[in-house]
Amino acid sequence: MDERMSVTLDETRCVGSGDCALVAPSAFQVDEDEGLARVLPGAAHIGRAQLERAARDCPTGAIQLSGDS
Ligand code: SF4
């Protein structure tokens, strides 16, 4: 079953650590100039477990997931 999740990123919390991009490079990319991560269009197509791990590994809790479970 294809389970789509909505990914949002709170830029006020992001510190640009890059953990999310290491865990899920198809879903997140760090803008080095701004020092902030961006959610990529590919985020909608990768597995829930990978997104959950990225959210869990974010040191500031900047990544929120929502969607059907
Ligand atoms: S892991 Fe969290 S703080 Fe680090 S770049 Fe990603 S969203 Fe920002």
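The values are calculated or read from the model by the stated rules, or taken from the named source; none is laboratory data. Here the structure is a predicted model, which is why all the values come from computation and not from measurement. Cβ atoms come from the backbone with ideal geometry, glycine included; neighbour counts cover every protein chain shown. Heavy atoms of the whole protein, side chains included, go into the accessibility calculation; ligands, DNA and RNA do not. Shrake-Rupley method; radii C 1.70, N 1.55, O 1.52, S 1.80 Å.
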Inset, instruction - Could you check the chain for strands (runs of 3 or more DSSP E) lying wholly inside it with 1 or more residues that are at pLDDT below 95 and more than 13 Å from the ligand (Cβ to nearest atom)? - result: 5-9, 63-67
Inset, instruction - Could you look through the range 38-54, keep only residues that are in contact with a helix residue (DSSP H, G or I) (Cβ under 8 Å, 6 or more places away or on another chain) and open to solvent by less than 40 Å² (accessible area, probe 1.4 Å), and pick out the one that is farthest from S17 (Cα to Cα)? - result: A43
Inset, instruction - Determine which single condition G67 fails, assuming it passes every other condition in (1) on the phi > 0 side of the Ramachandran plot; (2) touching a Phe, Trp or Tyr at 6+ places or on another chain (Cβ under 8 Å). - result: (2)
